[in-house]
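The values are calculated or read from the model by the stated rules, or taken from the named source; none is laboratory data. Predicted model only: the values in this text are computed from it and were never measured. Heads up, the Cβs are rebuilt from the backbone with ideal geometry, glycines too, and the neighbour counts pull from every protein chain shown.
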Amino acid sequence: MQVTIIGSGNMAKGIGSRLLSGGHDVTLHARDNDEANAITSELQSAGVEGQITSVAIGSPADDIVILATPYTEVQTIAKNYDNFKNKIVVDITNPVDFETFQLIPEAGRSGAQEIADSLPAATIVKAFNTNLAGALLAGSIEEKELDVFIAGDDEQAKAKVRELVNTSGMRAIDVGPLANARHLEGFGLIQMAIQDQIGTNWMSSLKFLG
């Protein structure tokens, strides 16, 4: 598949590494050309099967767009892309107020639903918000494949994202409608909050075993 990743941080790098390992082609959209070029060079030199290029924010996007940006920047970035009209937009954000360490949306609502409301011409799928960047770069934890939890209201869009995940060496788990993204975002918050306690140096992963 051809996939656009918007962002040049650790999550863009981590997700990009997994997709490239699965033979998918990635276009990295970034404000900082130096950061984007560094990621592009590093990932391409790793002997991956897919191809990666970097372009400026606002360049033409692929049909699948992964928002590897903070939750608070999504709407600003969307204005550069005609609000992602007719795109599958993968929301990886955790809408956390880092002063209170609570979720930003009101009870019963998810950040993914708020994004969907603000981008009605796009199809929103929640994924990757419980996957830490270091684990994505490693590709596995204790030789176990990573689980990627997915939520969304459009079954065809979710099928595309599941295929993308499953062909990139990870296991996609469909957790239901977009409303369930609220629970995924809660998992994401807890995972961040306990990092010092569990001492994994941000290399933990949420996974179902059995």
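Worth pointing out:
- Close pairs (6 angstrom Cβ cut-off, 6 or more residues apart or separate chains): among the acidic types (D, E) in the range 32-54, at pLDDT 90 or above and exposed (fewer than 15 other Cβ atoms within 10 Å of the Cβ) anywhere: E49/G23
- Verdict on I141 being surrounded by fewer than 21 Cβ atoms within 10 Å (Cβ to Cβ), hydrophobic (A, V, I, L, M, F, W, C) and touching a residue at least 24 places away in the same chain (Cβ under 8 Å): yes
- Given (1) of a type in the set (V, I, T); (2) surrounded by 14 or more Cβ atoms within 10 Å (Cβ to Cβ); (3) not in a helix (DSSP H, G or I), index of the condition T100 fails: (2)
- Verdict on V26 being touching a helix residue (DSSP H, G or I) at 6+ places or on another chain (Cβ under 6 Å), of a type in the set (V, I, T), closer than 20 Å to M1 by Cα and assigned to a loop (DSSP other than H, G, I, E, B): no
- Taking the criterion of being touching a strand residue (DSSP E or B) at 6+ places or on another chain (Cβ under 6 Å), assigned to a loop (DSSP other than H, G, I, E, B) and of a type in the set (V, I, T), the only residue of the range 47-68 that qualifies is I57.
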